[in-house]
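Take a look at the structure set out below.
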Amino acid sequence: MSPKCKIPVKTRFWDRETKNSSSHDAPGGPPLRGSVWKQENVNLSHHHRCSASVLFGFCLGSGWMEVMAAANYSLKVNRDLLDPNFESYRLSLDPIPTYTVELDAAVEELQLKDAHYTLEHLRAFGMFNHLQLDPWYQDSVLFVDSRGRVLSLSVTLDTALGKPKEVFSFGSESGQAEDRLCASISLTSATWAALSDGAGQLLLLRTGRRGDGGHCRWEVLFSDHMGEPFTILHSVSHVQGGCHSVEVLLLRVQKEPLESTGSGYSVSLEWVTVGGATGPGQERKYEVRKRRVLSGKSVPHYAAVAPRGEGLMLAAEKPFVFTHIDGRPVEPPPPPELKELEKADPLYFWQQTAADLTVCIRLPGGVAKEDVSFRLTADSLGVGVRGCPPLLEGQLYAAVDPEASAWTIRDSNSLEVSLQKLGEGPMWPELVLGNRRGELVLSDQQAALIHDRLTHLTSEDPNGEREKPPCSSQELEDCDGFPDDGFSLTHFDGETLSPTQVVNLGGHQFLFSVDVDPSQMPCLCLRHDVDALVWQPRPDRPGDLWEHVATFNALGYVQASKRDRKFSTCAPDFSFAALCECLRRVFLYRQPSPVETVLFNRKQGRQVGQVAKQQVSSLDSDKAVLGFRASNERLFVLTSSHLFVLKVDNK
């Protein structure tokens, strides 16, 4: 019996996701595909152990091992929010009223330097949304201009738009840094805001009630240099035990001098807690209470802190792990399963056929037959030596026939057990449930059989191809593409900083995030099949962390046909979704609404009761779009010289 058997096979596994939609026909888009195929390359060239989790742990790397320890979670789709009878968007020629505000100074726009050559720089800074919508006061937006001024515009009457009002100014000093990024704004609460000057300075300001029309000047209550330049992704404000705290999430793309492979850059997220408390007769003073740093290899599509700072949620294509807490490195312990396997040699080896199993267990030297304790039932096995802990004990994977089984001692240092399966059937993935101290050994015939069965799945052996693949990658279009299987949505616990729930988003493209309820975390919109589903995080519901709250029919397919798309968003009441291209054009997709006239579907001959409209607006500007936001009644589009307000009539 050989303890090791190598299988030098490179396999390719195909996973088919069958699509049930048939007639989502969008204007300007390619015809809908019936199915999408995902592929995952796996290399099998080490000792074949029966623990699949260990095998894939090695393949994915140490970053994923901590994530794998978290509970896997599945997004639960609310079928009542799906419309299987949705046909298409009807192009409406109704114009969208558009109003223009000319700016006194250009909007601050970051020009990527030669050093910003990676895709992560483009995602983090090149696709930066310079416009901020105030979720507490609808139809109020903010942005920063090239003079370092924070400007606010509140719309009450579209035909009488005023000039944006200055509420704060960074001053001229912040624009001198050579590696400076765009200034960023995050509205923390109805009366607080977090600002970054783009040069590494973090400011927390008391804004007063921003929607009262007074546009009072903001008051700085905290200012500190946080190190390398960053942009603010999210912030929340909460009060616990009389202590007011602000949680801020900072994003950096940093050079890795020791990185020998890849782009040479890493992505850093810093979770900063700033708190302040008052004593009797004392003025409240704010200071940094805690700093936690996460590192990864991709800019997250979504990152937000829970309303009371009790957790963090990330949607990213590569794993993130906590690396520092208050400046001290964090060394995550290796998974116990891997640690045990790395330290100890296999305690037993086992082989199997369709009818029986053979187990070889190591024994201490000089053991006699009388010293062996052996117990076998139809579903359990126990082997031990007098005066020693049990060598192998537990429930068998399936039932055996005790009467047809036997054991014997070989060379006084190993015990060989022959087990007869109760019935011929599939191969066992493990011998004793939960026991990881053994190693499955494949015979030469079994290894050759596996090789023969899998060879036709790899493109490296064209002669072994038994039939034409059901789908060719050359036939796939842009709208058929999906992120890698590593794309995941992860919830981190605020106390332990460990991932608690993980959702694999490998088959779901991220579309956009939107603030729907300012008291909750931002919603995220994902593509499911051809539709776009909106998910509301619920950190107070551990068993139902993400709730399906809205659906935009066929939007996942439609947006993929817009090659020049830069920003996507939707109304907080989900009455419409909108896409914006890099230049000029805005696309509006409304939810289905009843029709006033009688319409019939020509192909099916049935009456149509509701119609979903699509509208297109072309802005009078040749400047690149820098910001794009939506309220329930309006769309806001920002260029370097103008702010456009599009009135969306939902009546």
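Residue-wise test of (1) open to solvent by less than 30 Å² (accessible area, probe 1.4 Å); (2) more than 23 Å from D345 (Cβ to Cβ).
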position	(1), (2)
F374	no, no
A378	no, yes
Q395	no, yes
D401	no, yes
A406	no, yes
R436	no, no
L440	yes, no
Q446	no, no
Taking into account only those residues within the range 539-548 that are touching a residue at least 12 places away in the same chain (Cβ under 8 Å) and either open to solvent by 40 Å² or more (accessible area, probe 1.4 Å) or of a type in the set (F, W, Y) (or both), which is farthest from S575 (Cα to Cα)? P542
Tell me the residue from G200, G241, G208, G227 that is out of contact with any helix residue (DSSP H, G or I) (no Cβ under 9 Å at 6 or more places or on another chain), open to solvent by less than 50 Å² (accessible area, probe 1.4 Å) and farther than 27 Å from A316 by Cβ, please. G208
Could you check A106 against (1) modelled with pLDDT of 90 or more; (2) touching a strand residue (DSSP E or B) at 6+ places or on another chain (Cβ under 6 Å); (3) small (G, A, S) and say which number it fails? (2)
Would the range 130-139 turn up any residue that is out of contact with any Leu (no Cβ under 7 Å at 6 or more places or on another chain) and among the acidic types (D, E)? yes
Taking the range 400-433 as the region of interest, how many residues are assigned to a strand (DSSP E or B) and not basic (K, R)? 13
All but one of (1) outside any loop (DSSP other than H, G, I, E, B); (2) over 19 Å from the mean Cα position of the chain (by Cα); (3) surrounded by fewer than 18 Cβ atoms within 10 Å (Cβ to Cβ); (4) of a type outside the set (D, E) hold for T500, so report the exception by its number. (2)
When the range 380-391 is examined, which residues are found to be open to solvent by less than 60 Å² (accessible area, probe 1.4 Å) and either modelled with pLDDT under 90 or part of a loop (DSSP other than H, G, I, E, B) (or both)? G384, V385, L391
As an exercise: evaluate I325 against (1) modelled with pLDDT of 90 or more; (2) touching a Ser or Thr at 6+ places or on another chain (Cβ under 8 Å) and give the number of the one condition it does not meet. (2)
Residue match in the range 107-125 (condition: surrounded by fewer than 21 Cβ atoms within 10 Å (Cβ to Cβ) and among the small types (G, A, S)): yes
Answer residue from the range 543-564, given it is in a loop (DSSP other than H, G, I, E, B) and over 18 Å from the mean Cα position of the chain (by Cα) and is nearest to S593 (Cα to Cα) among those: N553
For the range 190-234, which positions are among the small types (G, A, S) and under 20 Å from A304 (Cβ atoms)? A190, A193, A194, S196
Out of (1) modelled with pLDDT of 85 or more; (2) over 17 Å from F349 (Cα atoms); (3) in contact with a Phe, Trp or Tyr (Cβ under 7 Å, 6 or more places away or on another chain), the one C471 does not meet is (1)
Kindly indicate the residue of the range 101-147 that is of a type in the set (G, A, S) and outside any loop (DSSP other than H, G, I, E, B) and also farthest from the chain's Cα centre (by Cα) among those meeting that condition. S140
Restricting attention to the range 350-372, report how many residues are assigned to a strand (DSSP E or B) and surrounded by fewer than 17 Cβ atoms within 10 Å (Cβ to Cβ). 3
Just to be sure, is Y99 surrounded by fewer than 19 Cβ atoms within 10 Å (Cβ to Cβ) and within 16 Å of V637 (Cβ to Cβ)? yes
Whether any residue in the range 518-525 is of a type outside the set (S, T, N, Q), part of a loop (DSSP other than H, G, I, E, B) and open to solvent by 10 Å² or more (accessible area, probe 1.4 Å) is what I want to check. yes
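The values are calculated or read from the model by the stated rules, or taken from the named source; none is laboratory data. The structure presented is a predicted model; accordingly, all values stated were derived computationally and were not measured. Quick reminder, even Gly has a Cβ in these numbers, built from the backbone with ideal geometry, and neighbours come from all protein chains shown. Note: areas computed on protein heavy atoms with side chains; ligands, DNA, RNA excluded. Shrake-Rupley method; radii C 1.70, N 1.55, O 1.52, S 1.80 Å.
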